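The values are calculated or read from the model by the stated rules, or taken from the named source; none is laboratory data. Quick caveat, the model's predicted, so the values are computed rather than measured. Heads up, the Cβs are rebuilt from the backbone with ideal geometry, glycines too, and the neighbour counts pull from every protein chain shown. What goes into the accessible areas is simple: the full protein's heavy atoms, side chains included, and nothing from ligands, DNA or RNA. Shrake-Rupley method; radii C 1.70, N 1.55, O 1.52, S 1.80 Å.
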Amino acid sequence: MEDSSRNDFKYLFKILVIGDVGVGKTSLIRRFSKGYFAENITSTVGVDLDSKILNIHGDKVKLQCWDTAGQEKYRSITQSYYRNADAVIMMFDLTNRGSFASIPQWLMDVQRYTPKNAVKVLVGNKTDLKGAKRMVNSRSAANLAEFEDLLYIETSAKWDDNIETLFTELAEQLRENAKSKSLNRLNSNSAVTKKSYSFVSYLKRLGEKLPIQSPSSFCRI
């Protein structure tokens, strides 16, 4: 689905990736944008940005992925990047129940700082560590996602599992939302124009049936 041969695009969407430190935010974004996985990655300081252009049904869609630091000391810095986000990916580590328990707190920040119409996705990462190391079952995560009206998917940045699916479906959803918004705006403008035209036509027809009045007779009670 990728098309990066040219740098032009029809749609540009800002995607914020948040979650506790160590859940794999940087690995997820690098796997998506650059196509590789690194075992040893230093923690993000503040905010980092990466992007990729996808071809979605003939339209070039550029996704700007904002990688945020998970440490509490950077929370006030990263919150400023929530504004104008088109989508938010809230990540947790399937082998770390504490990172899953932190999701409600991250969600509070999302609800406080992001636009109401932002697409929200809950991502359980590190499916490559299934079995005895897994601490969060799919049912618990899916129940939380359903309760909070979030999309839910499980991924592995290491195995490249569901990474393309996540971002492609997100791009498709954002594209559809943008198209619907443009269509609604167009329909709204058309309705106003139609209404104005009808009103003007009505006045014109009415004027043809009434005698011409002097300006002094207008707006008189």
- Task: Kindly check whether there is at least one residue in region 166-179 that is within 27 Å of H57 (Cβ to Cβ), of a type in the set (V, I, T) and at pLDDT below 95.
- Result: no
- Do the conditions hold for S182, that is, is it of a type in the set (S, T, Y), surrounded by 10 or more Cβ atoms within 10 Å (Cβ to Cβ), under 26 Å from the mean Cα position of the chain (by Cα) and modelled with pLDDT under 95? yes
- Query: For region 121-159, which residues satisfy the criterion of being touching a helix residue (DSSP H, G or I) at 6+ places or on another chain (Cβ under 8 Å), open to solvent by less than 20 Å² (accessible area, probe 1.4 Å), aliphatic (A, V, I, L, M) and free of Cβ contacts under 8 Å to residues at least 60 places away in the same chain?
  - Reply: V121, L122, V136, A141
- Task: Inspect region 104-120 for any residue being modelled with pLDDT of 95 or more, of a type in the set (S, T, N, Q), out of contact with any helix residue (DSSP H, G or I) (no Cβ under 6 Å at 6 or more places or on another chain) and under 11 Å from G19 (Cβ atoms) and give the result as yes or no.
- Result: no
- Out of the residues in region 51-78 that are modelled with pLDDT under 95 and buried (at least 20 other Cβ atoms within 10 Å of the Cβ), which is farthest from I163 (Cα to Cα)? T78
- Note on the structure: Filter region 28-42 for residues that are within 18 Å of V123 (Cβ to Cβ) and open to solvent by 20 Å² or more (accessible area, probe 1.4 Å); the one that is modelled with the lowest pLDDT is I41
